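Below is one structure, written out as structure tokens; the observations come after it.
The values are calculated or read from the model by the stated rules, or taken from the named source; none is laboratory data. All figures in this text were calculated on a predicted structure; none of them were measured in a lab. Note that we place each Cβ from the backbone using ideal geometry, even for glycine, and neighbour counts take in every protein chain shown. Heavy atoms of the whole protein, side chains included, go into the accessibility calculation; ligands, DNA and RNA do not. Shrake-Rupley method; radii C 1.70, N 1.55, O 1.52, S 1.80 Å.
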Amino acid sequence: MSNPYGYGGRPQDRPAPPPGVLPPPQAAPWQQAPSQQYPQQPYPQQQYPGQWNQPYYGGPNQFNGFQPPKRKTGMLRVALFAFMILAFLGVGLSVLGVVLGSGSVATDDPTSGPYVVPTATSNPPEGSAEDYLLNSPFYQAGSLGQLDCPAEDLGDGSLAAQKRYYEKLFNCLNDAWRPVFEKLGLSKPDPGLVVFDKPVVTPCGNFKPLSGRVLAFYCYGNSVMYTDVQQMNKAFGPKEDLAYLMTIAHEYGHHVQGVTDLVYARAAYVQDHPEKKLDSSRRNELQASCLAGVFSKAVEQSYPFTNRMKEFEFQASNSFGETPDTPEDERTHGLATSQGYWIMNGLNVGETKACNTFAAPASLVK
């Protein structure tokens with residue numbers, strides 16, 4: 001049976017979805033074709049976690065057979081990533097990550113809020129997943145420059161209005177991050193974006209509007225972001241457009257993690273450190289939020305929100321993440337205050353070096 005994009009087979013065998021804002025897909029079941037390439041795995045399919053005490057970026061981030069591209073680096077890393085894919089084939093990875101370092105360097109800056117460049121304090125084996133997470137060339141990619149990206153009016157927050165808003169912002173996100181990928185020698189198609197107000201079928205599962213507290217999610221299986229029109233309206237309404245900016249920029253941060261292989265290195269490392277599942281999940285989510293802050297810096301003057309910084313800070317620290325009352329075994333995204341910290345750190349530093357959350361001390365990733 002065909003999937004919403006009109007092709008069958010495993011996600012890694014399919015052509016990339018077209019860039020830009022896509023219409024909501026038809027509610028038809030998605031089936032993964034049988035694969036002879038990989039052996040059946042002993043790991044059970046993880047179910048998407050339940051509801052949270054506050055709205056959060058959310059999303060299953062499942063692989064469901066997705067395979068990363070072949071790397072141009074050493075054979076050790078290639079073998080490591082191949083092992084990871086065999087081990088995690090078909091397993092949801094939204095709660096996987098690592099805690100790898102405990103050092104940070106604070107530097108003086110006239111802006112308000114945090115200005116921290118995390119630095120690794122350990123020396124893992126060269127070419128290992130841990131080494132890549134701590135010392136990825138991505139952290140040296142620099143800033144996104146300044147973009148001409150005036151915001152589209154959200155109007156009444158309807159499906160049509162949100163699509164117009166997201167389409168303009170999405171084009172800016174592509175324009176911002178594409179040069180970074182090129183600088184790193186990475187060539188990937190732009191991701192897709194689905195704005196939905198009715199049930200959607202994806203390689204990462206089926207979702208209905210107002211499902212739990214999911215605002216949006218990114219699916220590695222087809223490199224598409226999905227945003228829930230009704231949930232965004234319920235959580236923020238059309239007046240709080242800066243929350244929309246942070247939400248979609250965060251989900252694009254997950255795309256960046258996929259293109260730069262950080263997500264695969266994290267999954268490989270957690271094979272040997274399953275006890276770090278929750279802590280490392282927070283590091284993953286907070287890194288995506290930090291990347292949203294880096295992008296926000298690039299559009300601050302043209303969007304603009306230079307004169308709305310108090311509002312930006314409030315949204316960053318109060319709109320996403322978990323509360324201190326959230327049970328310990330459900331803290332996958334980080335406290336709302338942690339979310340705010342890393343969004344503002346990305347904004348203040350304005351470069352990818354701000355976002356090495358895998359090297360940050362535990363006190364900053366609660």
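Here Gln315 clears all of (1) over 21 Å from Asn233 (Cα atoms); (2) in contact with an Asp or Glu (Cβ under 7 Å, 6 or more places away or on another chain) except the condition numbered (1). Taken as a whole, the range 122-142 holds no residue that is touching a strand residue (DSSP E or B) at 6+ places or on another chain (Cβ under 9 Å), at pLDDT below 95 and open to solvent by 50 Å² or more (accessible area, probe 1.4 Å). Number of residues in the range 120-178 that are in contact (Cβ under 8 Å) with a residue 24 or more places away in the chain, over 20 Å from Met225 (Cβ atoms) and assigned to a helix (DSSP H, G or I) equals 8.
For Ser302, the requirement of being among the polar types (S, T, N, Q) and assigned to a helix (DSSP H, G or I) is not met.
Tell me, which residue of the range 181-196 that is of a type in the set (A, V, I, L, M, F, W, C) and under 16 Å from the mean Cα position of the chain (by Cα) is surrounded by the fewest Cβ atoms within 10 Å (Cβ to Cβ)?
Phe181
Residues being crowded, with 20+ Cβ neighbours inside 10 Å and out of contact with any helix residue (DSSP H, G or I) (no Cβ under 7 Å at 6 or more places or on another chain): count how many of those fall in the range 154-169. The number of residues fulfilling the criteria is 1. When restricted to residues that are in contact with a helix residue (DSSP H, G or I) (Cβ under 8 Å, 6 or more places away or on another chain), surrounded by fewer than 22 Cβ atoms within 10 Å (Cβ to Cβ) and in a loop (DSSP other than H, G, I, E, B), the range 347-366 contains 2.
Hey, does the range 309-316 have a residue that's open to solvent by 20 Å² or more (accessible area, probe 1.4 Å), assigned to a helix (DSSP H, G or I) and under 30 Å from Gly127 (Cβ atoms)? Break it down into steps so the answer makes sense when it comes.
Kept after step one, since they are open to solvent by 20 Å² or more (accessible area, probe 1.4 Å), are these residues of the range 309-316: 309-311, 313-314.
Remaining after also requiring assigned to a helix (DSSP H, G or I): 309-311, 313-314.
Subset that is under 30 Å from Gly127 (Cβ atoms): none.
No, the range 309-316 contains no residue that is open to solvent by 20 Å² or more (accessible area, probe 1.4 Å), assigned to a helix (DSSP H, G or I) and under 30 Å from Gly127 (Cβ atoms).
Could you please let me know if Val201 is modelled with pLDDT under 95, farther than 19 Å from Pro189 by Cβ and either more than 14 Å from the chain's Cα centre (by Cα) or crowded, with 24+ Cβ neighbours inside 10 Å (or both)? Against the criterion (modelled with pLDDT under 95, farther than 19 Å from Pro189 by Cβ and either more than 14 Å from the chain's Cα centre (by Cα) or crowded, with 24+ Cβ neighbours inside 10 Å (or both)), Val201 qualifies.
Look through the range 320-346, keep the residues that are over 16 Å from the mean Cα position of the chain (by Cα) and without any contact (Cβ under 8 Å) to a residue 60 or more places away in the chain, and return whichever of them is surrounded by the fewest Cβ atoms within 10 Å (Cβ to Cβ).
Let us first name the residues in the range 320-346 that are over 16 Å from the mean Cα position of the chain (by Cα), namely 322-331, 335-337, 341, 344-345.
With the extra rule that they be without any contact (Cβ under 8 Å) to a residue 60 or more places away in the chain, the set shrinks to 324, 327-329, 331, 335, 337.
Working: Pro324: 10, Pro327: 8, Glu328: 6, Asp329: 9, Arg331: 21, Leu335: 21, Thr337: 15.
The qualifying residue surrounded by the fewest Cβ atoms within 10 Å (Cβ to Cβ) is Glu328.
Residues of the range 179-190 being in contact with a helix residue (DSSP H, G or I) (Cβ under 8 Å, 6 or more places away or on another chain) and assigned to a helix (DSSP H, G or I), which ones? Passing the criteria: Val180, Phe181.
Here Ala151 meets the list (1) over 23 Å from the mean Cα position of the chain (by Cα); (2) modelled with pLDDT of 95 or more; (3) open to solvent by 10 Å² or more (accessible area, probe 1.4 Å) almost entirely, failing just condition (1). When the range 312-361 is filtered for residues that are modelled with pLDDT of 95 or more and of a type in the set (D, E, K, R), the ones remaining, listed by number, are Glu313, Glu351, Lys353.
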